[in-house]
Amino acid sequence: YQYDNVTEAVVSTQSTGLGIKCRVQISDATVPYSRMLGYQLEIRDVIDILSGEGSPDVVDVLGLQCGHILQMSGKAESLKEGEKMVLDALSSGECLPRFLEMLEYQGVSRDITTKLRERKFDEVFPSEIKQTKVECRTAGIVRDIRIDNLERVLTNRLGGYGSSGQGIELCVDIGTRVNVGSCLAIIHHTDDTVQNKTISMIDRAIEIEKIRFNRIMRTFRNDEKRQDRRKRSSKSGSKDTPDKEEEKTEEKKEGVNSSTSSDSVPKDYVVVVKSENGEEERTVTEKKDEN
């Protein structure tokens, strides 16, 4: 209801009062679109985006917003066509030269725009920046990233959106699967060290839903061992079956619960993953042919 009132007020003022074609897009401001937070880092992200790279969420928003403009101006027959035109232009890298040309018309020197084109950011922003990683402490899936908490860290503990070069670089998106030790973010700072409280605040801003490996169902490796024993028995002329006790021992090992991360589970295991909310997911990784 509140959003409807805001939309109606904006459209009424701009479209009816000023005679301007207007559409309103309401987005979720609680999550970050760019992976970069901080003045210099965001400039790098802009250069990357206009070169066909950069934060994918920002690219999606640009495609949507500019697609509407192209449709409203008659440059595109439909919103879908407008979005495609924008995304094609971004992916081709043809937007960056136009952007740098615009900067030169606004008074930026040719030397600076050349360094931006060549991504010589250290020469454009000369400062001694150090980096500290924020590592994940538990295996799971990134469920939420609180932009307000990250901006609070940037403002109160890293000097804000100034020209010092400090900032936060996110290394994960919502939905990313992470393990213990995975890099969640990189802190760009000018001090020799970063306080533990700063690291902890960034860690809490990135919500991880824990995943537990409950059970190892079976392994191809143990199947091969059983087959090898049967072959040895047949070659030796023995009619006895393989040692039942040894097989039972291996089967028990297969059913042992594991609380390790996905990286520590052998790649030829078939596992059952169960998250804290009770959802179950089966993951099967085939054993690679050693030949």
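The values are calculated or read from the model by the stated rules, or taken from the named source; none is laboratory data. Keep in mind that what you see is a predicted model, and the values were worked out from it rather than measured. Here the Cβ positions follow ideal geometry from the backbone for every residue, glycine too, while neighbour counts run over all protein chains shown. Accessible surface areas use protein heavy atoms only, side chains included; no ligands, DNA or RNA. Shrake-Rupley method; radii C 1.70, N 1.55, O 1.52, S 1.80 Å.
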Condition met for L100 (closer than 30 Å to L150 by Cβ, in contact with a helix residue (DSSP H, G or I) (Cβ under 6 Å, 6 or more places away or on another chain) and open to solvent by less than 50 Å² (accessible area, probe 1.4 Å)):
yes
Please work out which residue is surrounded by the fewest Cβ atoms within 10 Å (Cβ to Cβ), limiting yourself to segment 22-66 and to residues that are under 19 Å from K80 (Cα atoms), among the charged types (D, E, K, R) and modelled with pLDDT of 85 or more.
D60
Being of a type in the set (V, I, T) and in a helix (DSSP H, G or I) is the filter here, so list the residues in segment 149-185 that pass it.
V153, T155
Filter segment 103-131 down to the residues that are part of a loop (DSSP other than H, G, I, E, B) and acidic (D, E), then identify the one that is most open to solvent (accessible area, probe 1.4 Å).
E128
Provide a single number: the residues in segment 38-86 that are in contact with a Leu (Cβ under 8 Å, 6 or more places away or on another chain) and assigned to a loop (DSSP other than H, G, I, E, B).
4
Taking the condition closer than 30 Å to T30 by Cα and either open to solvent by less than 50 Å² (accessible area, probe 1.4 Å) or out of contact with any helix residue (DSSP H, G or I) (no Cβ under 8 Å at 6 or more places or on another chain) (or both), does R152 pass?
no
Check off (1) in a helix (DSSP H, G or I); (2) within 25 Å of the chain's Cα centre (by Cα) for F99 and give me the number that stays unchecked.
(2)
If G19 satisfies every condition in (1) open to solvent by less than 70 Å² (accessible area, probe 1.4 Å); (2) within 24 Å of R117 (Cβ to Cβ) but one, which is the exception?
(2)
